[in-house]
There are 2 protein chains.
Amino acid sequence: MPQSPSRKRAAIVGAGPVGCLAALALSKRGWNVDLYEGRPDLRLPSSKAASGQRSINLAISHRGIAALEAIDPAVADQFLQSAIPMRGRMIHTEAGELDSQLYDRDGQCINSIGRAVLNEGLLEEAAASENVRLFFNHKVLSADFDNRKLMVKDTVSNKEFQVDFDFCIGADGSYSIIQRQMMRVVRMDYQQEYITHEYVELKMPAGRGVNGEPVFLLDPNHLHIWPRHSFMLIALPNRDKTFTCTLFAPSAELDRLKTPDSVLTWFKFHFPDAVQAIGEKLLVEDVLTNPRSPLICTKSKPYHYKDRVIILGDAAHSMVPFYGQGLNCGLEDVRILSTLLDSEGVDPSIQEAGASEHAVDRRLLRVLERYTEGRYQDLLSICDLAMDNFVEMRHSVTTLSYIFKKTVDTILYSLTSRKMVELSSLRPTLSRVPYPSGEPRAWLPLYTMITFRPDISYATAKRKAERQARILEGLGWAGTTLVGVVGLWATLLVRKTLTERLR
Amino acid sequence: MPQSPSRKRAAIVGAGPVGCLAALALSKRGWNVDLYEGRPDLRLPSSKAASGQRSINLAISHRGIAALEAIDPAVADQFLQSAIPMRGRMIHTEAGELDSQLYDRDGQCINSIGRAVLNEGLLEEAAASENVRLFFNHKVLSADFDNRKLMVKDTVSNKEFQVDFDFCIGADGSYSIIQRQMMRVVRMDYQQEYITHEYVELKMPAGRGVNGEPVFLLDPNHLHIWPRHSFMLIALPNRDKTFTCTLFAPSAELDRLKTPDSVLTWFKFHFPDAVQAIGEKLLVEDVLTNPRSPLICTKSKPYHYKDRVIILGDAAHSMVPFYGQGLNCGLEDVRILSTLLDSEGVDPSIQEAGASEHAVDRRLLRVLERYTEGRYQDLLSICDLAMDNFVEMRHSVTTLSYIFKKTVDTILYSLTSRKMVELSSLRPTLSRVPYPSGEPRAWLPLYTMITFRPDISYATAKRKAERQARILEGLGWAGTTLVGVVGLWATLLVRKTLTERLR
């Protein structure tokens, strides 16, 4: 991976999916890219053993796929081959019944994938790219953005050293050091909020088929939900026929699960079918030993500083995981940054000798300013929608009024819009998704816009959905009024008839 | 200032007014108190020279006085002697007229005082207290709350060392290191927001009287405001007959004031009388050389961690300065903490030998939990009110509808409540202000509740004012309707009479 000395240098902090995709995007544009990651290379066998119990399975949808396709179609292909499509939610009711709610009239799916699988694929591509250098076990300690320097520590050799950059991307997650360092020099509006719920991951093993082969114990083409109002359990399928289950519950509820007995009693009462599938021994072990993790929502503005640093993904906007959009949104950040780099014609070549290497790059500055201005409302919207969706997932999906509204929503959708994709096609036709701007005229369910329409921005989707909800409400009132008027008319008619007869 | 080895040790970070008052409160309860301040002792002549242009003058009102009285009546006395009472706002209109708007029907005042004067008085008291040790030029670098240790750097000797504490108070202002360190171990909801306005301080010198003695150039018993809608100038009196002026303006507006000409033209157009009083030369010098400072609003929750650390004052809640409550609120924090320490009977003596020195102090834990729970809504309320009041100060005070509403407000106040204080008495009868809880039944203007009634919590005041505003609005509608009905009746009467006459 030789780097050209005549090119500008980008330092990307964080080699998760967002950092890797950003590295690919810049490398393809001719930048020299150095990617710094505090943890060891997750492709090493030792890392794999350590990260077994770590992160929520990912549900990748069209926004994520569109971003991958825009920057690296090979990764998008590879990803779609290893993902498991989920067509809808499978609600496990308290009465023990199963209720399948499809995500989309046209059969469009979201895709379950282990975070590590996606991350490895992207790391492989980055490692194979020209101009990209990977530095694992390299922790960024501090940043001097004005002088374009990072202080980095090699945690293996325990040495600290300075590195230079022309452009820095912070893709280092919820507790981002780059974001924290930016707060020292930028007047940044910032907000962080923990919800009262925590999550614990549990493993549901594969079952055994008639010939002893591994089989799924639940339908693999659904995202399974056990909504229990104040808490819920979900399960996403893996390629090895296991499911990754996640319990979301208020801290106070989890505090009560301290002994094997209390765990079993509680789970058997609320999730009897899940206990059977997971197995009592494994369940107790996982609940008592797996870490309880907090759920945080963060918002920042601006996302950039001068012409030289930007934060993307969780570093800029951690959201609660209930819309399944966290990583989709992070990948879309990269796609939008990339589109803006194109549209402003940013050029990584170091210009004529004599010009200061550190002169303000006005085109890059303009890209970063446009990114902050254009992206802010979108990121606010999806963070808020993710928070709202928690109530939907653990409670509303079980109510009659929700099912009724969803039905009307789908009917209006069918009446006003054409089918977008073939039912049989898992892969949407996304290769040329525009920079989101306009708003389609058809009636579209919110979930459809957020999940399957990367051409509609999050903010537009939220606004349009609010307007549609007001119309639905109006229809509700109109319906009630109609029923009332008809009822009144019928009553009067009956009374008149009776009165006439009695005369 | 000998410390008793059998007492628990409190480390207070920040020797501003809030930190000093907290030191006094704990010292009087028998704690050994170590007060760490990163800056030099502001009582030294060298410090005084350096801090000349620093901070907004303080407008102390009854909440601040009540807090001082509850903890140290001597300081309250001393403070009232050096403060200048301000009875109302003096509006300098664009037409060049003066309009005095009294703060209170009964003549109650807010008090102008230099921050340094108050801080010095409190430092003197702390220095003279038993059990208090002062450490200036001691910067806290980090905290290990679980092991009750602070890492401190003596910036004179450049040595770093560790100090122990049983209880730590962070009173280290808007960019609090204690708050930042707490965020590493507490799941803290946190928000920071910069407004688009910045401020610049200007000095208005004393004038010369007939015998050459210094005289005030404006009425000293008012807080002067030049409201200009999107920006404003204010002026508060000092004992030496000068005024401290503060210009609040959007950053974009200030960007235009780059040359002596642009400064003079702009000021003469918007504030001709202020230019005359300040003098052109001094004005230009101050505007071009004094720092432009940002205005930040921060909110946190919780304010404590376990039984061992709490943040008070700006460290917990920086607010914009437009209700004049920032320091009043910080001092009230100390009074409320102090009341809770009393009510839970927290005892600083180290108990029987053998008991672990670091066992959880359940009474202190209960105090801190009650503080966070009880204080949160109050602090949210005053932060929001301060933000709202900016629009009132720079714009609404000039509108007819504001003046009309304020008049009705005052009339209702007079009709429903008795006079609280003698007109001649500057000093309110505050020595026994209860822990705020109940809500009075009388009609009370919001400003009166916030500024003159420390027995009413900020949250209660905000709630009550919102209810009163709805009633006022209702009265407005009722009035409009009445006018409409009377008008209609009159019209019909006239028409009838005319018709009858014409027959």
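The values are calculated or read from the model by the stated rules, or taken from the named source; none is laboratory data. Note that the coordinates shown come from a computational prediction; the quantities given were computed from them, not determined experimentally. Neighbour counts are summed over all protein chains in view; Cβ atoms, including those assigned to glycine, are modelled from backbone coordinates with ideal geometry.
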Could you go through region B:187-199 and let me know if any residue there is assigned to a loop (DSSP other than H, G, I, E, B) and away from chain A (no Cβ under 14 Å). no
Condition check: in contact (Cβ under 8 Å) with a residue 40 or more places away in the chain and surrounded by fewer than 17 Cβ atoms within 10 Å (Cβ to Cβ). Does B:Asn211 satisfy that? no
Taking the condition over 30 Å from A:Ala206 (Cα atoms), surrounded by fewer than 21 Cβ atoms within 10 Å (Cβ to Cβ), more than 14 Å from chain B (Cβ to nearest Cβ) and of a type in the set (Val, Ile, Thr), does A:Thr339 pass? yes
Residue in region B:345-362 that is modelled with the highest pLDDT, counting only those that are charged (D, E, K, R) and surrounded by 15 or more Cβ atoms within 10 Å (Cβ to Cβ): B:Asp361
Could you pull out every one of the strands (runs of 3 or more DSSP E) wholly within region B:212-308 that has 1 or more residues that are within 14 Å of another protein chain (Cβ to nearest Cβ) and within 27 Å of B:Met319 (Cα to Cα)? B:243-250, B:293-301
Qualifying positions in region A:445-462 - touching a residue at least 40 places away in the same chain (Cβ under 8 Å), assigned to a helix (DSSP H, G or I) and out of contact with any Ser or Thr (no Cβ under 6 Å at 6 or more places or on another chain): A:Leu446, A:Tyr447, A:Thr448, A:Ile450, A:Phe452, A:Ala461
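Residues are listed down the side, and each one gets a yes or a no for (1) aliphatic (A, V, I, L, M); (2) in contact (Cβ under 8 Å) with a residue 12 or more places away in the chain; (3) assigned by TED's automatic domain parsing to the domain that holds B:Phe248:
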{"position": "B:Tyr376", "(1), (2), (3)": "no, yes, no"}
{"position": "B:Leu379", "(1), (2), (3)": "yes, yes, no"}
{"position": "B:Cys383", "(1), (2), (3)": "no, yes, no"}
{"position": "B:Ala386", "(1), (2), (3)": "yes, yes, no"}
{"position": "B:Val391", "(1), (2), (3)": "yes, no, no"}
{"position": "B:Arg394", "(1), (2), (3)": "no, yes, no"}
{"position": "B:Thr398", "(1), (2), (3)": "no, yes, no"}
{"position": "B:Ser401", "(1), (2), (3)": "no, no, no"}
Go through region B:309-323 and count every residue that is within 15 Å of B:Ser381 (Cβ to Cβ) and more than 14 Å from chain A (Cβ to nearest Cβ). 5
Scanning for something within 14 Å of chain B (Cβ to nearest Cβ), at pLDDT 95 or above and either surrounded by fewer than 22 Cβ atoms within 10 Å (Cβ to Cβ) or under 22 Å from A:Leu288 (Cβ atoms) (or both), does region A:166-174 turn up at least one residue? no
Go through the residues of region B:175-183 one by one and say whether even a single one is more than 14 Å from chain A (Cβ to nearest Cβ) and in contact (Cβ under 8 Å) with a residue 12 or more places away in the chain. yes
Only one of B:Lys139, B:Lys159, B:Lys153, B:Lys203 is touching a strand residue (DSSP E or B) at 6+ places or on another chain (Cβ under 8 Å), closer than 30 Å to B:Gln276 by Cα, more than 14 Å from every other protein chain (Cβ to nearest Cβ) and among the basic types (Lys, Arg); which? B:Lys203
Inside region B:299-332, the number of residues satisfying the requirement of being buried (at least 21 other Cβ atoms within 10 Å of the Cβ) and closer than 17 Å to B:Leu385 by Cα is 19
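Are any of the residues in region A:45-54 touching a Lys or Arg at 6+ places or on another chain (Cβ under 6 Å) and touching a residue at least 24 places away in the same chain (Cβ under 8 Å)?
Within region A:45-54, the subset touching a Lys or Arg at 6+ places or on another chain (Cβ under 6 Å) is none.
No: zero hits.
Within region A:271-294, track down each residue that is free of Cβ contacts under 8 Å to residues at least 60 places away in the same chain and either buried (at least 17 other Cβ atoms within 10 Å of the Cβ) or β-branched (Val, Ile, Thr) (or both). Reasoning before the result, please.
Let us first name the residues in region A:271-294 that are free of Cβ contacts under 8 Å to residues at least 60 places away in the same chain, namely A:275-276, A:280-281, A:284-285, A:288-289.
A:Val275, A:Val284, A:Thr289, listed by residue number.
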Positions within region B:100-116 being of a type in the set (A, V, I, L, M) and surrounded by fewer than 17 Cβ atoms within 10 Å (Cβ to Cβ), in sequence order: B:Leu102
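With the structure loaded, tell me whether B:Arg370 is without any contact (Cβ under 8 Å) to a residue 40 or more places away in the chain, among the basic types (Lys, Arg) and either surrounded by 15 or more Cβ atoms within 10 Å (Cβ to Cβ) or farther than 23 Å from B:Leu223 by Cα (or both) or whether it fails that test. Even if it seems obvious, please write down each step before you answer.
Values: without any contact (Cβ under 8 Å) to a residue 40 or more places away in the chain: yes; among the basic types (Lys, Arg): yes; either surrounded by 15 or more Cβ atoms within 10 Å (Cβ to Cβ) or farther than 23 Å from B:Leu223 by Cα (or both): yes.
Considered against the rule, which asks whether it is without any contact (Cβ under 8 Å) to a residue 40 or more places away in the chain, among the basic types (Lys, Arg) and either surrounded by 15 or more Cβ atoms within 10 Å (Cβ to Cβ) or farther than 23 Å from B:Leu223 by Cα (or both), B:Arg370 comes out as yes.
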Mind checking whether some residue in region B:343-357 is more than 14 Å from chain A (Cβ to nearest Cβ), touching a Lys or Arg at 6+ places or on another chain (Cβ under 8 Å), not small (Gly, Ala, Ser) and not in a loop (DSSP other than H, G, I, E, B)? yes
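So which residues in region B:129-149 are farther than 16 Å from B:Asp172 by Cα and at pLDDT 95 or above?
B:Val132, B:Arg133, B:Asp144, B:Phe145, B:Asp146, B:Asn147, B:Arg148, B:Lys149
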Kindly indicate whether any position in region A:346-364 is touching a residue at least 60 places away in the same chain (Cβ under 8 Å), in contact with a strand residue (DSSP E or B) (Cβ under 7 Å, 6 or more places away or on another chain), under 30 Å from A:Leu247 (Cβ atoms) and outside the structural domain of A:Ser262 (by TED's automatic domain parsing). no
How about region B:86-122: which of its residues are out of contact with any helix residue (DSSP H, G or I) (no Cβ under 8 Å at 6 or more places or on another chain), part of a strand (DSSP E or B) and among the hydrophobic types (A, V, I, L, M, F, W, C)? B:Met86, B:Met90, B:Leu98, B:Leu102
Looking at (1) among the β-branched types (Val, Ile, Thr); (2) more than 14 Å from every other protein chain (Cβ to nearest Cβ); (3) under 24 Å from A:Arg184 (Cβ atoms), which is the only condition A:Val334 fails? (3)
Subset of region B:172-190 [aliphatic (A, V, I, L, M) and within 15 Å of B:Tyr36 (Cβ to Cβ)]: B:Ile177, B:Ile178
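Results for (1) farther than 24 Å from A:Ser457 by Cα; (2) in the same structural domain as A:Ala23 (by TED's automatic domain parsing); (3) under 20 Å from the mean Cα position of the chain (by Cα), shown as yes or no for each residue.
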residue: A:Ala67; (1), (2), (3): no, yes, yes
residue: A:Ile71; (1), (2), (3): no, yes, yes
residue: A:Ile91; (1), (2), (3): yes, no, no
residue: A:Asp104; (1), (2), (3): no, no, yes
residue: A:Ala116; (1), (2), (3): yes, yes, yes
residue: A:Asp154; (1), (2), (3): yes, yes, no
